[in-house]
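The structure appears below as structure tokens.
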Amino acid sequence: MSNENEPETRSLTRTIEEQASDGAVSASTSRATAEEDKVLIADATGSLPPHVVRDLLSIGVCFRCVLRLLGVHGHVYSCSSLSPSILCAVLEESKPNYGGVEESGLEPIDDSNVLQKALFCSVCMGILQFSNVDEGGVLVRRDGARELAASVAEFVKRDGHDIDGFAIDILIPSIVSANERAARLHMKKKYGSERWFKERLHNDSITVKDALRLSITNTLETLLGVESGVDSFQIRLTYTHTKASPNIPKFAEVNQPHKRRKTGMLGLYCTTDASSSIDEFQINGSEDSEHTSGAADSVIKKCLNSMQDKEFSEHFESPPTKVDRPCQLELHCHRAPIYIGGRYLKYSRNVSQTKWIIDDERMGEASVEEIIGSNILPVCRGDNYKFHAAGREDIDVRMLGSGRPFLLEVHNARCLPSMMPIDIMEKRINSLDSKLVRVKNLKMMGNQGWALMREGEAEKQKQYVALVWISHPIKEDDLQSLSSVKDMQILQKTPIRVLHRRSPLVREKIIHWMKVEKLDGSTQYFLLHLCTQAGTYIKEFVHGDFGRTHPSIGSMLGCRAEILQLDVTDVKMDCFN
């Protein structure tokens, strides 16, 4: 019996030994990290004035903001052991002399006492203490930057993105800028005559955003297994706070002139002022509430920078008031749009290019946009898509021949662009049972796809074949008259059928060439092949649109002409060939 259990016992023993060994290594690593942090902190803080550090801590400024306000740069912000007690211990050891102010016997500052006096930083409002309120309103306290980085990494993995790099985007409430200005003014009033202040006054301090980025980036790189930098995949940390100074709108309104701004889909202009933007900011509480809060934040910062100290003091308390509730944090992952270009062919006369609904009733059985987008989106694992094409054909017009160039813009794709299975996308669409739409020459495109589309649209020519009926039998002279056309200029007023959605204009267009193909057994029906400048209304060129297009096939032949069917056979553009 003992022999049967012996392998299991040995295995368990080895496991315990391995865990003990891992624990010892982990403890050793932690001690080494702590020592390294202490050296880094000592190097960064050795020249700081201890009396000022203690003063800032006493008014509720967190230790990372103390370092920021005193002009400290570098990776000290990523030290997990950075705390008021460690900071003061290092300063106690250095005991420098600052312009005649000699500090000795600094009282040790206990972390818990600091938290009792001000639960959260009066400048950054908890951001650099790595504490926040979550989306459910629950207070989340973290011991350090590593815990925040771990939370962010877990969120990224849970969101399902494949990544080969990342960029960190941080949005903070604009009130933080006012808090920082108030803290600096407090320092200026109290220590402005001391030598260290004059020396550090001109030093650029690190921002809250940069300090937070420095604090979490290295750990995030380790946890995600990729490097940070400029990347299409973005991790956004959005901080908001319910506290917004009631004085902000007042000085913003005084300092900002009335402006006209464009609003709404119709492009109307209204007169507004800075305070209206700030009001929206107060409701949204963050720099990034679509368009308005970003503008509001810019207004606030501009006003803060332009204000003299005396004016600022009239609107804000200095030092800033203490904070008992941190910012709310919302995490969001997003990849910049990717573009998949190609050409599509449409074989049905009952398929629109984009989804078409009138009075809640769908027009046509499907759309090119939906057929292509709904089959590519799942492969990319994106949130949604937008469809862009080089021109459009009517629902009853087929797109044949070389196909029409298009771009599919996929938002927040979770699949890496470099790993997109283009061949699978193409096969998936082309093997559909309906056979309504087919694609060709699919490829991944960068932003250059837009340039190719725009360049081609300006110069493109389009070829068509139309089934035409005329009111009298076609003659040989008629064939010669039409086939001899070369670069004929026509004038087209906006067609009656699209006047409800297009401006009433007169457009000059070019008919490059035409060729007539007679149909066996018919004297009044024929196929008209033609090549035209992009934007020509072909149906109106045939029947004349009650004289709104001139010349037309009808006017040239001196009879009534009607178009029965129309196909696009080529879109001449140098892209996606």
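The values are calculated or read from the model by the stated rules, or taken from the named source; none is laboratory data. Because the structure is predicted, anything quoted here is derived from the model rather than measured. Heads up, the Cβs are rebuilt from the backbone with ideal geometry, glycines too, and the neighbour counts pull from every protein chain shown. Side chains included, ligands, DNA and RNA excluded: accessible areas come from the protein's heavy atoms. Shrake-Rupley method; radii C 1.70, N 1.55, O 1.52, S 1.80 Å.
Among residues of the stretch 41-52 that are farther than 16 Å from His75 by Cβ, those with a beta-carbon under 8 Å from a residue that is modelled with pLDDT of 75 or more and not in a helix (DSSP H, G or I) at least six positions away or on a different chain give the pairs Leu48/Leu70; Leu48/Val72; Pro49/Leu70; Pro49/Glu194; Val52/Leu70.
Taking Leu212, is it in contact with a strand residue (DSSP E or B) (Cβ under 9 Å, 6 or more places away or on another chain), at negative phi and of a type in the set (A, V, I, L, M)? Yes; evaluated as a whole, the condition is true for this residue. Selection of first residues in the stretch 543-567 that are without any contact (Cβ under 8 Å) to a residue 60 or more places away in the chain and within 16 Å of Leu467 (Cβ to Cβ) and of second residues that are open to solvent by 20 Å² or more (accessible area, probe 1.4 Å) and hydrophobic (A, V, I, L, M, F, W, C), restricted to Cβ pairs under 7 Å at least 6 apart or on distinct chains, gives the following pairs, ordered by first then second residue: His543/Ile563. A single member of Glu540, Glu562 is modelled with pLDDT of 95 or more, open to solvent by 50 Å² or more (accessible area, probe 1.4 Å), of a type outside the set (Phe, Trp, Tyr) and closer than 22 Å to Gln480 by Cα, and it is Glu562. With respect to Asn430, determine if the residue is within 34 Å of the chain's Cα centre (by Cα), within 25 Å of Ile371 (Cα to Cα), open to solvent by 20 Å² or more (accessible area, probe 1.4 Å) and without any contact (Cβ under 8 Å) to a residue 12 or more places away in the chain. Spelling it out, Asn430 is indeed within 34 Å of the chain's Cα centre (by Cα), within 25 Å of Ile371 (Cα to Cα), open to solvent by 20 Å² or more (accessible area, probe 1.4 Å) and without any contact (Cβ under 8 Å) to a residue 12 or more places away in the chain.
In the stretch 320-375, the qualifying residues are those that are polar (S, T, N, Q) and in a strand (DSSP E or B), and the one that is most open to solvent (accessible area, probe 1.4 Å) is Gln328. Trp469 meets each of the listed conditions (1) part of a strand (DSSP E or B); (2) open to solvent by less than 40 Å² (accessible area, probe 1.4 Å); (3) hydrophobic (A, V, I, L, M, F, W, C) apart from (2). The sole residue among Ser174, Ser205, Ser193, Ser122 that is among the polar types (S, T, N, Q), at pLDDT below 90 and open to solvent by less than 10 Å² (accessible area, probe 1.4 Å) is Ser174.
Being under 17 Å from Asp567 (Cα atoms) and in contact with an Asp or Glu (Cβ under 8 Å, 6 or more places away or on another chain) is true of Ser348. Take Arg454 and tell me if it is closer than 30 Å to Tyr339 by Cα, open to solvent by 30 Å² or more (accessible area, probe 1.4 Å) and in a loop (DSSP other than H, G, I, E, B). Spelling it out, it is not the case that Arg454 is closer than 30 Å to Tyr339 by Cα, open to solvent by 30 Å² or more (accessible area, probe 1.4 Å) and in a loop (DSSP other than H, G, I, E, B).
For the stretch 484-509, the set of residues classified as over 40 Å from the mean Cα position of the chain (by Cα), open to solvent by 90 Å² or more (accessible area, probe 1.4 Å) and within 19 Å of Gly554 (Cβ to Cβ) consists of Gln489, Lys493, listed by residue number.
When each of Arg414, Arg438, Arg404 is tested for being at pLDDT 90 or above, surrounded by 14 or more Cβ atoms within 10 Å (Cβ to Cβ) and outside any strand (DSSP E or B), the lone residue that passes is Arg414. The set of residues in the stretch 519-542 that are touching a Lys or Arg at 6+ places or on another chain (Cβ under 6 Å) and either free of Cβ contacts under 8 Å to residues at least 12 places away in the same chain or part of a loop (DSSP other than H, G, I, E, B) (or both) comprises Ala534, Thr536.
For beta carbons closer than 7 Å, sequence separation of 6+ or different chains, a first residue in the stretch 331-360 that is under 30 Å from Gly136 (Cβ atoms) and a second that is surrounded by 14 or more Cβ atoms within 10 Å (Cβ to Cβ) and among the charged types (D, E, K, R), the qualifying pairs are His332/Arg236; Cys333/Asp159; His334/Arg236.
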